[in-house]
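What follows is a short report on a single structure.
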Amino acid sequence: MRRLIFISVLIVLAGCEPGDLVNLPSEPSKITVLASNTVGHPWFVIVSPTKLTSGHQFIPPLPDATVKIYEDGDFVEQLVNDTIYPDYGPAFFRSQVNSPAPGHEYMITVEAEGYTTVAGKYTQPEPVPADITFEVREKKPIYVTSSITDGNTTTFKYDTANQWTFDITITFTDPPGDNFYAFALGAAPTEDSLDLPGTSDGYMQVEGPSLGDPLLYGLVIDDKEISGKQVTAKFTYTIDDHISFYFENAPLLNEKIPSWFRISIKSMNEAQYKFLIQTRKAQASNNDPYAQPVTTYTNIENGLGVFGGYTPYSKTFHYKLE
Amino acid sequence: MRNCLIPLLIIFCCASLNAQVRTISGYVRDQANGESLIGATVFEKKTGKGTITNNFGFYSFTVKGDSAVLTYSFVGYTSKTVSLLLKSDTTIVVLLEGGRLLDEVTVRGEHSEKIHETSRTGTVNLPVAQIKNVPTFAGEQDVLKALQLIPGVSGGAEGSSNILVRGGTADQTLILMDGVPIYNPTHLYGLFSSFNPDAVNNVELVKSGFPARYGGRLSGIADITLREGNSNRFSAQASVGLLASRLVLEGPIIKGRTSFLISSRASYLTLMRPLLEEKVGEASLDGYKFHDINAKVNHRINSKNRVYASLYTGADKMTSKLTYITKDSLAPNDIVNSTNVTRDAMGWSNLLTSLRWNHEINSTRFFNVTAYMSDYDLIIENQYSKHSIHDPSGAEEDFGLKYKYISKIRDLGMKIDFDHIPNTKHYFRYGAAFIHHDFSPAIGAKHSTDSVFTVDPKNVRATTNELNAYVEDDYNVTPKLKVNAGIHGVMYSASGKVYTGLQPRLSMRYSLPNNLALKASYSYMQQFLQALTNAGLGMPIELWVPSTNKIKPQNSHQFSVGAAQTRNNDIEISVEAFYKTMNNLLEYKEGASYLDNDQPWYDKIETGRGKAYGLEVFVQKKMGRFTGFAGYTLSWNRRQVNNVNNGDWYYARYDHRHDFKVTANYRLNNKHFDVSATWIYATGTAVTVPVSRYLANVFISNGYSDGVYSPNVSVDYADEYKSRGNYRMQPYHRLDFNVNYTFTKGPLEHKASIGVYNAYDRLNPFYIQYDYNRQVYKSVSLFPIMPAASYSIKF
């Protein structure tokens, strides 16, 4: 009897068996446009096709696409292909001269052979002036440890460094209407390099209650809770002066520790906000079997992605970490 | 002469010749064990009027004149006819002889309340004997699984014991055990329900036309009454199944006055430990165990008073352990070698206690007072401990971390229910109830050796109060028209907010020739608590949460119309169409994770509305050698939530367009063997699947190559989800069958059952999974063809 029970329970536990292959509903490949542009920066658009869900195929660039920008209904220019890594990276299209300006309505069209032409529209929001402060709170010594394991032997390497914590406040008054904001910090060794792509993603943390969706760490908010009010958003920023191995071969080694900091409050259009929220939710729940599916948001007609913009109000600070 | 009526003549001297109104009241009980027969019919031949017994077997019947001929009937029992000469109001306790459910000859032609006679719509009674004949998973007979075979009812995911009624969710069905609400009454991740079938007396499911006495849920009421225990003699029943064993002990404590019943069930799964350890490798599953115990005592104080004390406790627990070694260092000359142990445990339990007092005020009035507690706990516990030895210093240190995920609900309630039957035209019911709910939803508690025990302040305990009152009348307006009308009032308070509601209920029946009746009903229902739950079988996590000042109570309006007919006094057929709207339904926000404890529950939900409508056909045969029931449902079930699916309507997960179920039992000629079979078909579940994959984000970060600024580019892909419920899984269908062999040897009655679950090995889709190796999507099935067996002895 005991044996019978064992076998039966094993059957139950092993019961989850693969069933039939499933052909999920799929759609013809369409164009994805990622175009989140910033006032003061030339137009920059990333174009790619969608792929079937089955298989983890690499999504190739779409370098032969034609990307056109219109301002208030008038054609502005056709962006040129400026892909950094044409063999495997996404297709970048840039303007060398034009950039979005607040208050204007923009339209984008993207054509590519074999794909339905896609289009999108948005109005570049106005900047929101703010009073911004950036002050050091504390500095403390730390060890930075790295390790290499070879078989059963683990070798540790140690560096000493200092960890710095800054307090940041951004005080602004929410203008009339529906508004959407992103708070950002850029850190760079020189003031000029603050404008390089990739410099605007310092890890600010919200201090106190978040004004926005926790999924976006309170760095992206709408104005539902603060409509028309004067608000002070508080953040902290932590950085250490340890020189990362990524920079060991870089020139001007002594300048790799950031000493220039740019704090921004960026107003953005609604589509940009919704796209950020939905993609962030999707990413946060990507591998969680208990998470609810996230409906994809897009303002690209016949395609996917977003056409939107940021209008920053920024203040730059210089602080040498020593 | 078995099919003949058994007359009893009770003659009272000095019979009055005046046509006075007399009341005959009393109880209808099982002759063998004294159990109350619920829903037994009392029928007067001359007037053609009748009544039925309540949940305690009590009846009251008023006649004009000095004589009456009453017939007492109950399905599966031999009817009794009593001729009475009446001098005054009379009390009669009638004992019916049972055990003849399958004996076609005996019961044919006798009167019991048929589906075309009752004014109620959407109400189904399943005889316990029929439930015990339904083929089941692993041979474990199951009340809730049998209810899932009724049209308009679904279990949701395969294997689940949920009762989803007419597009509702599992928490919208109130499950009552002896009138006491029970939460998540399941074992083994929902594979079995907590109801031991050997201890069940009566099972009723209400899907529409809710009488005013019921409240608190939008979609369904499963009212399960347990047996009281044999008041005549001691008896025992033991059953052995593949996964669990059951034992029932019952008998008189004071013969004819006090009886008890104890039923118990326990699993064998802990015996599997060695095999499970091998199966899961480094982590060891310490075991899985479940049990339930029902204990009930009732005492008849005198002919008008009776008291009951009940206890139910049931629990499931799974534990596992993982040990691993790590090596670390935070400073030079300090290597830390650590032994890490993680222990995981998950369990849920129910504890119900109740005290009841029946009192017969007079021959037309009866009341029952119930005081109860219902407690449901779910605990998921993760414990981590680390013992570290520093090299070369040799210093030792210990670190521990404990994480608990707790969801609790405790109800303390008191209710009083009156039955008043002034004459054969009216059957009044009225009463009141007070419930104090105590919720502890999703408390994440952390405790480490470095800190004190902390409770996340976002998930504080909540207490709410609910006061209900109702009045209803089952009114025979004319011989053809019968109406059940009532109103249920409720006052609910939570977080300083008070909600009130008056819920009108109406159902009616109009009789036509040939045992045919037309029926219609309307119900307005409100619900003040809800369970946030995952839909799958994997984790039976139910987070019971209250309506608050921000979360409004759910409500529903349901209309139904239909026709019912009894053919050959045996086969009941009903056709019913329904339309139900639901408001303030809770839905998780897009991307919200069920186990994510960083946010309080109320920040993870949205509220929306729902709509369910359809048509049900039900055929039931309760008597004879061939018994069973079959049902077909054509229905639509949709939801709309503002921030889900871009605010558009979508099909709910368990929107099954077509649903067909049939279960049948046939007893062979030799009376020892009977065979049962069940076949189920349902349209595939609506699930949300991606339609494409796209480039969702590009990260550009600073980098240098050979001294030149050269940004690094990395990308994120995402799946495109176009809409909720955009894909239908393959249809679900399954055949189960069972063969029972019953025989008597000496004083013992034996029953051996063998059967097959999923007889033609259908790989029914349970969920859809991406296979990374083969780069394909595939459906995962839960149960292949499986054996079922059980053996029971009774004396």
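The values are calculated or read from the model by the stated rules, or taken from the named source; none is laboratory data. Since this is a predicted model, take the numbers as computed values, not measurements. Neighbour counts run over all protein chains shown; Cβ positions are idealised from the backbone, glycine included. The protein model used for the area step is the full one, side chains on, heavy atoms only, and it has no ligands, DNA or RNA in it. Shrake-Rupley method; radii C 1.70, N 1.55, O 1.52, S 1.80 Å.
Less than 5 angstrom separates the built amide H of B:G684 from those of B:Y732, all sequence-distant by 5 or more or on a different chain.
Using packing as a proxy for protection, rank A:311-318, B:297-304, B:610-617 so that the peptide with the highest average count of other Cβ atoms within 10 Å comes first. Please list the in-between numbers first.
Values: A:311-318: 17.0, B:297-304: 14.6, B:610-617: 20.2.
Result, highest mean Cβ count within 10 Å first: B:610-617, A:311-318, B:297-304.
Given axes a ≥ b ≥ c from the Cα gyration tensor, I'd like to know whether region B:612-669 is rounded (a/c under 1.5), prolate (a/b larger than b/c) or oblate. Verdict is prolate for region B:612-669. Residues whose amide H lies under 5 Å from that of A:R137, counting only those 5 or more places away or on a different chain, are A:T165, A:F166, A:D167; hydrogens are built 1.01 Å from N in the peptide plane. Counting Cβ atoms of other protein chains within 10 Å of each Cβ in B:720-732 and taking the mean gives 3. Working note: Karplus 6.51/-1.76/1.60 with θ = phi - 60° gives region B:639-654 the couplings 9, 9, 10, 3, 9, 10, 6, 6, x, 7, 5, 8, 6, 5, 3, 9 Hz, where Gly and Pro are set to x. Backbone phi angles across region B:735-749, fed through the Karplus curve with coefficients 6.51, -1.76 and 1.60 (θ = phi - 60°), yield HN-Hα couplings of 10, 10, 9, 8, 10, 10, 10, 10, 8, 10, 9, x, x, 9, 9 Hz in residue order; Gly and Pro are listed as x. With the simple spin-label model, which puts each label point 7 Å out from Cα in the Cβ direction, the B:V498 to B:R461 separation comes to 2.5 nm. Rounded if a/c is under 1.5, else prolate if a/b beats b/c, else oblate: with a ≥ b ≥ c from the C-alpha gyration tensor eigenvalues square-rooted, which is chain B? Verdict is prolate for chain B. Run the quick spin-label model on B:N362 and B:Q31: label points 7 Å from Cα toward the beta carbon, then report their separation in nm to one decimal. With each label point 7 Å from Cα toward Cβ, the separation is 3.4 nm. Quick one: Debye curve from the alpha-carbon atoms of region B:297-405 only, equal weights, vacuum; give me log10 I(q)/I(0) at q = 0.16, 0.17, 0.18 Å⁻¹ to two decimals. Per q value, in the given order, log10 I(q)/I(0) is -0.84, -0.88, -0.92. Simple spin-label estimate for B:M373 and A:K320 gives 7.1 nm between the two label positions (7 Å along the Cα-to-Cβ direction from each Cα). Distant-in-sequence amide contacts of A:G308, defined by a placed amide H-H separation under 5 Å and a gap of 5 or more residues or a different chain, comprise A:A35, A:S36, A:N37. What is the local net charge at B:Q20, summed over the other residues whose Cβ is closer than 9 Å to its Cβ (Lys, Arg +1; Asp, Glu -1)? Overall, the nearby charge balance is +1.
In terms of packing, defined here as the mean over residues of other Cβ atoms within 10 angstrom, the peptides A:148-161, B:490-503, A:169-182 line up highest first as A:169-182, B:490-503, A:148-161.
Any idea what diffusion coefficient the protein assembly as shown gets from Stokes-Einstein, in µm²/s, Kirkwood Rh on alpha carbon pairs, 37 °C, 0.692 mPa s? Can you show the working numbers first?
Numbers: Rh = 33.7 Å.
This corresponds to a translational diffusion coefficient of 97 µm²/s.
Placing a label point 7 Å from the Cα of B:I793 along the Cα-to-Cβ direction, the residues of region B:227-246 whose backbone N falls under 11 Å from that point are B:237-240.
3J(HN,Hα) along region B:626-635, derived from phi through the Karplus expression 6.51 cos²θ - 1.76 cosθ + 1.60 where θ = phi - 60°, amounts to 10, 10, x, 8, 9, x, 10, 10, 10, 8 Hz, with x in place of Gly and Pro.
Find the sum over both chains of the accessible area lost when B and A are paired, probe 1.4 Å, and report it in Å² to the nearest 100.
Numbers: alone 34430 and 19980 Å², together 47350 Å².
Its buried surface, counting both partners, is about 7100 Å².
Remark: mean inter-chain Cβ contacts per residue of B:585-592 equal 6, using a 10 Å Cβ-Cβ cutoff to other protein chain atoms.
Looking at the square roots a ≥ b ≥ c of the eigenvalues of the Cα gyration tensor of region A:42-185, which shape do they give, rounded for a/c under 1.5, prolate if a/b is larger than b/c, or oblate? Could you put the intermediate results ahead of the total?
Working: a/c = 2.98, a/b = 1.29, b/c = 2.30.
In terms of gyration-tensor shape, oblate.
Each peptide in B:665-674, B:627-636 receives the mean, over its residues, of other Cβ atoms within 10 Å, and ordering these scores from highest gives B:627-636, B:665-674. Mean per-residue shielding of peptide B:684-692 is 5, counting Cβ atoms of other chains within 10 Å of each Cβ.
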